[in-house]
1. Return Met122, Met30, Met271 ranked ascending by Cβ neighbour count within 10 Å, so the fewest neighbours appear first.
2. Work out, step by step, the length gained on full extension between Thr256 and Ile275: first 0.36 nm times the residue separation, then minus their alpha carbon distance; give nm to one decimal.
3. Taking the Cα centre of the stretch 128-208 as origin and charging only Cβ (+1 Lys, Arg; -1 Asp, Glu), how large is the dipole, in debye to the nearest 20?
4. Out of Asn137, Asn81, Ile274, whose Cα points farthest toward the positive end of the dipole of the chain (charges: +1 Lys, Arg; -1 Asp, Glu; placed on Cβ)?
5. Give the relative contact order (percent, whole number) for the stretch 169-270; include only Cα pairs under 8 Å separated by 6+ residues.
6. Roughly how large, in nm² to one decimal, is the mean projection of the convex hull of the alpha-carbon atoms in the stretch 154-267?
7. Taking the 0 to 90 degree range and rounding to the nearest ten, how far is the long axis of helix 197-208 tilted relative to the main principal axis of the chain, both from C-alpha atoms?
8. What is the sum of charges, Lys and Arg at +1 and Asp and Glu at -1, for the other residues whose Cβ falls under 13 Å from the Cβ of Glu21?
Amino acid sequence: MEFSHIPVLLKECIEELKIKEDGIYVDGTMGGAGHSIEIVKKLSENGLLIGIDRDEDAIKVAKDRLKTFKNVEYYNDNHDNIKTILNGRKVDGILLDLGVSSYQIDDESRGFSYTKETNLDMRMDKTQSLTAEKVINTYSEDDLANIIFEYGEEKFARKIARNICEYRKEKDIKTTKQLVEIIEKSIPYKGDGHPAKRTFQAIRIEVNNEIKPLYNTITDSIECLKQGGRLCVITFHSLEDRAVKKAYADSIGKCTCPKDLPYCICGNKKMGEIITKKPIIPTKEEIEKNPRSKSAKLRVFEKI
């Protein structure tokens, strides 16, 4: 299928990166190269764009769409490994557009969508062994309930987990349709969005380990910046946003010690400044054109 992904907050990201024509920039979630192409357009022959994506399909598409540009490096890898990828290089800007892409949601074979019947997969990196099917069929009831509650913020998590475990006593849960039917029977539907939305988000986050490394990814990215370099991070739900806000707060030297301690022992050092005191959000016009941008928040940090 066509790799379609509308870049969210594109104009705002390009403005906030403050691109220098001879600079080095990283798109840590390259996707369909929507942000990347606008970055590389602003670079001279001496500038460099480093593109990272864990989805090999995204890298293939990006290479094709950016084939006229010679100053691009591609890495089929996870942005969590940014320090290893850069191997000591300092850069002028980093962009992270978190979450799942429209292409991955719309590709029925990937199993991200609760509106299409397909195999339970949900892997961003198709070479990894952990799939949504394995999570659903092998995790304990307690683990499933905790994941659905923590990552999906689903108040019916315990009932959903219990019904999943009851169902799989008879047969394995292999398709998105089976999982959706279990969820629908577990939740008193009140018309507030699709009842499976939160659970599917939670399982996807678990499969792709999206939250646990995020704090370190943000602090690692800040360390990889040159003086005056900027980190732009787009989040789509509260768990991502919370991790980014905490990493930013700690990176401005905010003390996290208990207030009753007579002196600081947390060791947080000032790495820079938070540029966006409040997150940048999409305009009404953008949301109308791309409804999936509705929950997006852009937060910007500048290295000192």
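1. Arranged by neighbour count, lowest to highest, Met122, Met30, Met271 become Met271, Met122, Met30.
2. Once the chain is fully extended between Thr256 and Ile275, it gains 4.8 nm.
3. Result for the stretch 128-208 is approximately 220 debye, rounded to the nearest 20.
4. It is Ile274, whose Cα lies furthest towards the positive end.
5. 17
6. Result: a mean projected hull area of 11.2 nm².
7. Once rounded, the angle reads 60 degrees.
8. With Lys, Arg at +1 and Asp, Glu at -1, the net is +1.
Quick note: the coordinates plus some simple rules give every number you see, no bench work behind them. None of these values were measured; they are calculated from a predicted model. Because the Cβ atoms are built from the backbone with ideal geometry, glycine has one as well, and the counts that use them run over all protein chains shown.
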